[in-house]
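FYI, it's all coordinate maths here, none of it is from the lab. These figures come from a predicted structure and were not determined experimentally. All Cβ positions, even for glycine, are placed from backbone atoms using ideal geometry, and neighbour counts span all protein chains on display.
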Amino acid sequence: MTPKISIIMGSTSDLPIMEKAAVLLNEFEIPFEMNALSAHRTPREVESFATQAQDRGIEVIIAAAGMAAHLPGVIASMTTVPVIGVPISASLDGMDALLAIVQMPPGIPVATVGINASLNAAILAVQMLAVGDKNLQKKLAEYKENLKKKIVEANEQLQQVKFTYKTN
C-alpha cells in the first residue's frame with residue numbers, strides 16, 4: 001500500500017493523542033504512515049520528508065507538535081501538500097503550541113485544529129481526500145450520520161434521568 005496521509009509527531013510521547021487520527025484513518029481504510037520527526041532535533045530528516053512527500057504519493061500531512069510547535073510550519077514551508085497542525089498540550093495547556101501553529105506567515109498556511117484534536121485533523125484530512133472521491137464522500141456522510149444518531153440516542157437516555165425539579 002502507498003500511504004496517502006502522513007501522520008508526523010514531534011515525539012513518540014504524542015502517540016496517545018495521535019492514535020485517534022490513526023484509528024479513524026484505519027476505519028476509513030485510507031493507507032497512512034506514522035513517523036516521529038523533530039523540527040529542532042532532526043531538521044535534515046524533516047526537510048527530506050517534506051520535500052519528498054508529494055513524490056511518494058502523500059496527499060495530506062497531519063503534523064503534531066507541542067510547546068514551540070514549529071514542526072507543522074516547517075513542513076508546510078517545504079511542500080505544497082496540505083498540512084494540518086495538531087497542537088499538543090505539553091506546556092501552558094497547549095496554548096503555546098496552538099499559537100505557534102496557527103500564526104503562520106503569509107504564503108505558508110497550516111490548517112489548525114484544536115489542542116490535542118487529532119480526530120478532527122483526521123476527519124479534515126479525509127474531507128480533503130473526499131473532494132475527488134465519491135466513495136469516500138459516502139463514507140464521510142455515513143460517519144457524520146452516525147454521530148447524529150449517537151446524540152439522538154444520548155438525548156433519549158437523558159430523558160430517563162430523574163430529579164425532583166427536572167421538568168422533562
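Looking at region 145-166, can you tell me whether even one residue there is assigned to a helix (DSSP H, G or I) and closer than 30 Å to ALA39 by Cα? So that I can check it myself, show each step before the final result.
To start, the set of residues in region 145-166 that are assigned to a helix (DSSP H, G or I) comprises 145-158.
Filter again for closer than 30 Å to ALA39 by Cα, leaving none.
Looking for residues that are assigned to a helix (DSSP H, G or I) and closer than 30 Å to ALA39 by Cα, one finds none in region 145-166, hence no.
More than 30 Å from ASP96 (Cα to Cα), without any contact (Cβ under 8 Å) to a residue 24 or more places away in the chain and exposed (fewer than 10 other Cβ atoms within 10 Å of the Cβ): does that describe GLN137?
On the way: more than 30 Å from ASP96 (Cα to Cα): yes; without any contact (Cβ under 8 Å) to a residue 24 or more places away in the chain: yes; exposed (fewer than 10 other Cβ atoms within 10 Å of the Cβ): no.
So GLN137 does not fit the description; no.
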* Take ILE115 and decide whether it is under 17 Å from ILE17 (Cβ atoms) and either touching a Gly at 6+ places or on another chain (Cβ under 6 Å) or not in a helix (DSSP H, G or I) (or both). => yes
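Just the residues that are touching a residue at least 60 places away in the same chain (Cβ under 8 Å) and within 13 Å of ALA63 (Cβ to Cβ), please, taken from region 94-123.
Keep residues of region 94-123 that are touching a residue at least 60 places away in the same chain (Cβ under 8 Å), which gives 116, 118-119, 121-123.
SER118, ALA121, ALA122, listed by residue number.
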* Right, SER6: over 23 Å from ASN135 (Cα atoms), of a type in the set (Ser, Thr, Tyr) and in contact (Cβ under 8 Å) with a residue 12 or more places away in the chain or not? -> no
* Asked: In this structure, does ALA121 turn out to be touching a helix residue (DSSP H, G or I) at 6+ places or on another chain (Cβ under 6 Å), among the aliphatic types (A, V, I, L, M), within 19 Å of ILE5 (Cβ to Cβ) and part of a helix (DSSP H, G or I)?
  -> yes
* **The one condition in (1) more than 13 Å from the chain's Cα centre (by Cα); (2) buried (at least 18 other Cβ atoms within 10 Å of the Cβ); (3) not charged (D, E, K, R) that VAL152 fails to fulfil** => (2)
* Asked: Within region 124-134, restricting attention to residues that are part of a helix (DSSP H, G or I) and without any contact (Cβ under 8 Å) to a residue 24 or more places away in the chain, which residue is farthest from LEU25 (Cα to Cα)?
  -> LYS134
